[in-house]
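Engineer: Have a look at this one.
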Amino acid sequence: MISIASNYYARLAKAHSFTMQIVCTAFAMIILVLLALVTAFLLYHGFTSINLAFFTQTPSGDIQNPGGMLHGLMGTAILITIASTVGIPLGMLTGVYLSEYASNSVLAGPTRFVADVLAGVPSIVVGILGYELLVVPLGDYNGWAGAIALAFIMVPIVARTTEEMLRLVPKSYREASVALGATKAGTILRVVIPSATGSLVTGIMLAIARVAGETAPLIFTALGSRFLPVIREPSPYFHPTDLQHPFPSLTKQIFDYATGPYPEQKRLAWAGILVLISLIFVLNLSIRYFATRTRRTAT
Amino acid sequence: MSLDESTVIPREPIRRQVLPSRTMPVSHGHKMIASENQTTQIHEEVNQIAPVLVIENFCLYYGKTKALHSVNMNIPRGQVTAMIGPSGCGKSTLLRSINRLNDLIDGVRTTGEIHLNGQPIYAPGIDVIALRKRLGMVFQKSNPFPMSIYDNVVYGLRVAGERRRDVLMEACQASLEGAALWNEVKDRLKDSALGLSGGQQQRLCIARAIAVKPDVLLMDEPTSALDPIATGKVEDLIYQLRSNYTVVIVTHNMQQAARVSDFTAFMYMGKLVEYGPTGSLFQMPRLKQTEDYVTGRFG
């Protein structure tokens with residue numbers, strides 16, 4: 001009796017296990033095929049549309065020969081630079097506070113909660129907030145509003161990853177440092193942050209990759225523009241006053257072209273998407289590089 | 001003064017014959033609860049050498065739990081003092097009270113006083129950072145920072161503001177020589193300290209602790225994570241260090257206490273039970289509780 005029963009259940013278990021494996025593999029395949037389709041579609045349309053003019057020209061106004069997206073590339077680069085300059089330090093300091101100073105403070109829980117909620121807020125909401133706070137009072141759509149909106153998206157991501165990464169630094173490092181006569185701030189700056197550098201960089205790059213592809217928060221803030229972001233007055237190079245006007249960005253230009261009626265502009269949008277995806281891909285590769293390098297030094 | 005294993009172990013068979021005739025059963029550890037009125041036995045020899053540390057009526061609470069009960073002990077200068085006792089007896093807590101590392105734990109409260117070279121260290125206005133520079137500490141698990149060997153050794157000096165390269169290099173060599181590690185690492189000072197073996201890492205931590213020339217070296221079970229050969233090297237080192245430093249070592253291993261220390265303190269349930277020259281404590285303990293512990297009957 002026992003041997004038959006156990007045989008039956010063993011066969012059932014085996015069949016169950018086999019079915020499970022087939023189902024999981026099948027779904028993974030479906031996802032892979034979909035991903036491959038999207039990538040192939042994108043590469044096809046992107047590569048047939050991309051040319052040198054994309055990187056060197058601004059919109060020409062000619063529907064048949066629409067020029068390039070130099071203005072969008074420059075605009076996005078400037079927006080991300082400013083957003084990072086504001087967002088990364090704020091996020092990192094918040095993360096350091098959460099991990100090192102607030103462990104038992106009444107402020108820790110609420111701060112962490114707010115950071116989590118902010119990280120999940122739809123980016124269009126951030127755009128509307130930027131419109132109310134930075135566009136309406138200043139009287140016009142402007143680059144500052146766009147950059148600050150992006151920074152606002154970065155802060156909670158950087159803060160939470162910083163906190164998590166610093167928490168992974170062994171307590172024994174902190175004890176050893178303090179026992180050698182280091183202050184708390186000295187310990188954080190000399191030991192805790194340096195030993196987490198690799199993973200901190202990963203968190204920062206994730207945040208940059210995230211905002212590089214954002215369109216929604218820019219629609220109500222920077223608006224977009226068909227001209228180079230660097231205006232010759234008062235300086236031929238980039239000048240902060242350039243941000244006082246509606247400001248171009250790659251994503252917003254892609255959005256405008258892709259939703260517009262003209263086939264040549266749609267082609268340009270495809271090229272823009274290819275460039276954007278490639279940039280994020282390169283960022284992700286460097287993230288992987290940093291992440292594995294950290295793991296190697298940590299063991 | 002130090003003993004090796006052979007002088008301690010042969011006594012065991014004799015004791016086994018003596019003990020059953022005693023009134024109190026000793027077969028189980030839980031019957032050996034220290035009573036409130038129990039007196040601490042301190043051998044006279046302890047007070048014949050000028051103390052570097054004087055612990056006075058020292059009590060420590062973790063929240064509402066009392067972890068140390070009015071400990072009184074003098075730690076003689078230039079000697080190795082071992083603290084033994086079962087897990088949770090408070091020996092590590094006492095050690096970490098000496099350099100005020102318990103300050104890092106929330107909810108810790110102390111009464112009583114510890115004097116270092118006659119100065120009260122729990123008095124208001126004491127500079128804890130300056131205090132910790134005078135008390136080197138070596139931890140249970142070796143905890144070199146994820147930096148180069150050189151950077152690890154000179155960490156304490158850098159924290160103290162020393163920047164001259166020649167001074168740092170000289171201190172690095174002297175400390176590594178003091179920790180019997182120089183010959184093994186002199187060609188790879190710039191390599192990561194994490195590439196060293198466990199025993200080498202622990203000796204590196206000792207080098208790092210003695211680089212700041214502390215008055216007292218505190219060791220919290222420094223060999224519990226090491227294999228016998230590495231343990232032997234660290235014990236040899238502790239034996240050599242006695243000429244220049246006062247060493248306080250917490251250990252689980254009674255043979256180790258017997259091998260490396262001049263004085264031994266036996267603690268149980270947060271109280272100092274018996275404290276005297278290592279030889280007398282192991283061979284002629286005055287209290288039955290000590291005798292039961294050192295002969296391996298409980299704990």
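Engineer: Please count how many residues of the range A:60-74 are in contact with a helix residue (DSSP H, G or I) (Cβ under 7 Å, 6 or more places away or on another chain) and crowded, with 16+ Cβ neighbours inside 10 Å.
Structural biologist: Qualifying residue count for the region: 7.
Engineer: Go through (1) out of contact with any His (no Cβ under 8 Å at 6 or more places or on another chain); (2) over 23 Å from B:VAL52 (Cα atoms); (3) touching a residue at least 12 places away in the same chain (Cβ under 8 Å) for B:TRP182 and report which single condition fails.
Structural biologist: So B:TRP182 meets the others, but not (3).
Engineer: Which residue, of B:SER224, B:SER280, B:SER261, is of a type in the set (Ser, Thr, Tyr), surrounded by fewer than 23 Cβ atoms within 10 Å (Cβ to Cβ) and modelled with pLDDT of 90 or more?
Structural biologist: Among B:SER224, B:SER280, B:SER261, only B:SER280 is of a type in the set (Ser, Thr, Tyr), surrounded by fewer than 23 Cβ atoms within 10 Å (Cβ to Cβ) and modelled with pLDDT of 90 or more.
Engineer: So if I check each of B:PRO120, B:PRO146, which one is at pLDDT 90 or above and closer than 18 Å to A:ALA176 by Cα? It would help to see each step written out before you state the result.
Structural biologist: On the way: B:PRO120 fails: closer than 18 Å to A:ALA176 by Cα.
One residue alone meets the criteria, B:PRO146.
Engineer: From the list A:ILE273, A:ILE219, pick out the single residue that is within 18 Å of the chain's Cα centre (by Cα), under 19 Å from A:GLY68 (Cα atoms) and of a type in the set (A, V, I, L, M, F, W, C).
Structural biologist: Step by step, each of A:ILE273, A:ILE219 is checked, and only A:ILE273 is within 18 Å of the chain's Cα centre (by Cα), under 19 Å from A:GLY68 (Cα atoms) and of a type in the set (A, V, I, L, M, F, W, C).
Engineer: Identify all residues within the range B:151-168 that are basic (Lys, Arg) and within 12 Å of chain A (Cβ to nearest Cβ); write none if there are none.
Structural biologist: Matches in the range B:151-168: B:ARG158 only.
Engineer: Let me ask something else. What's the number of the condition B:SER192 fails, among (1) buried (at least 18 other Cβ atoms within 10 Å of the Cβ); (2) within 12 Å of another protein chain (Cβ to nearest Cβ); (3) among the small types (Gly, Ala, Ser)?
Structural biologist: Failed condition: (1).
Engineer: Can you tell me which residues in the range B:237-294 are touching a helix residue (DSSP H, G or I) at 6+ places or on another chain (Cβ under 9 Å) and charged (D, E, K, R)?
Structural biologist: Across the range B:237-294, the qualifying residues are B:ARG242, B:ARG259, B:ASP262, B:GLU274, B:ARG286, B:LYS288, B:GLU291, B:ASP292.
Engineer: Would a scan of the range A:23-41 turn up a residue that is polar (S, T, N, Q), touching a residue at least 24 places away in the same chain (Cβ under 8 Å) and either closer than 30 Å to A:TRP270 by Cα or in a helix (DSSP H, G or I) (or both)?
Structural biologist: no
Engineer: Kindly check whether there is at least one residue in the range A:70-82 that is more than 20 Å from A:ARG210 (Cα to Cα) and of a type outside the set (Ser, Thr, Tyr).
Structural biologist: yes
Engineer: Of the conditions (1) within 14 Å of chain A (Cβ to nearest Cβ); (2) farther than 26 Å from B:ASP227 by Cα; (3) free of Cβ contacts under 8 Å to residues at least 24 places away in the same chain, B:ALA171 satisfies every one except a single condition; which number is it?
Structural biologist: Of (1) within 14 Å of chain A (Cβ to nearest Cβ); (2) farther than 26 Å from B:ASP227 by Cα; (3) free of Cβ contacts under 8 Å to residues at least 24 places away in the same chain, only one is false for B:ALA171: (3).
A quick yes/no check of all residues on (1) part of a helix (DSSP H, G or I); (2) of a type in the set (Phe, Trp, Tyr):
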residue: A:LEU206; (1), (2): yes, no
residue: A:ILE231; (1), (2): no, no
residue: A:PHE238; (1), (2): no, yes
residue: A:PHE247; (1), (2): no, yes
residue: A:LYS252; (1), (2): yes, no
residue: A:LEU276; (1), (2): yes, no
residue: A:VAL282; (1), (2): yes, no
residue: A:LEU285; (1), (2): yes, no
residue: A:TYR289; (1), (2): yes, yes
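Engineer: Pick from the range B:23-78 the residues that are at pLDDT 75 or above, assigned to a loop (DSSP other than H, G, I, E, B) and of a type in the set (Ser, Thr, Tyr): which of them is surrounded by the most Cβ atoms within 10 Å (Cβ to Cβ)? Quick ask: steps written out before the conclusion?
Structural biologist: Taking the range B:23-78 as the starting set, the residues that turn out to be at pLDDT 75 or above are B:39-78.
From what's left, assigned to a loop (DSSP other than H, G, I, E, B): B:39-40, B:43, B:49-50, B:63-64, B:77-78.
Next, from what is left, pick out any that are of a type in the set (Ser, Thr, Tyr): B:39-40.
Details: B:THR39: 7, B:THR40: 19.
Going through the qualifying residues, I end up with B:THR40.
Engineer: Of all residues in the range B:106-150 being more than 30 Å from B:LYS190 (Cα to Cα) and polar (S, T, N, Q), which is farthest from the other protein chains (Cβ to nearest Cβ)?
Structural biologist: The extreme case among them is B:THR111.
Engineer: Would you please name the residue that is surrounded by the most Cβ atoms within 10 Å (Cβ to Cβ), looking only at residues in the range B:111-127 that are under 20 Å from the mean Cα position of the chain (by Cα) and among the β-branched types (Val, Ile, Thr)?
Structural biologist: B:ILE114
Engineer: Restricting attention to the range B:86-97, does a residue exist that is closer than 27 Å to B:LEU116 by Cβ, loosely packed, with under 15 Cβ neighbours inside 10 Å and modelled with pLDDT of 90 or more?
Structural biologist: No - not one qualifying residue is present in the range B:86-97.
Engineer: For A:PRO261, only one of the following conditions fails: (1) more than 14 Å from chain B (Cβ to nearest Cβ); (2) in a helix (DSSP H, G or I); (3) at pLDDT 90 or above; (4) out of contact with any helix residue (DSSP H, G or I) (no Cβ under 8 Å at 6 or more places or on another chain). What is its number?
Structural biologist: Failing condition for A:PRO261: (2).
Engineer: Consider A:LEU37 carefully, then state whether it is exposed (fewer than 10 other Cβ atoms within 10 Å of the Cβ) and at pLDDT 90 or above. Please lay out each step first, then the result.
Structural biologist: On the way: exposed (fewer than 10 other Cβ atoms within 10 Å of the Cβ): no; at pLDDT 90 or above: yes.
Criteria not met by A:LEU37.
The values are calculated or read from the model by the stated rules, or taken from the named source; none is laboratory data. Every value quoted in this text rests on a predicted model; they were computed, and no experiment measured them. Reconstructed Cβ throughout: ideal geometry from the backbone, glycine too, with neighbour counts over all protein chains shown.
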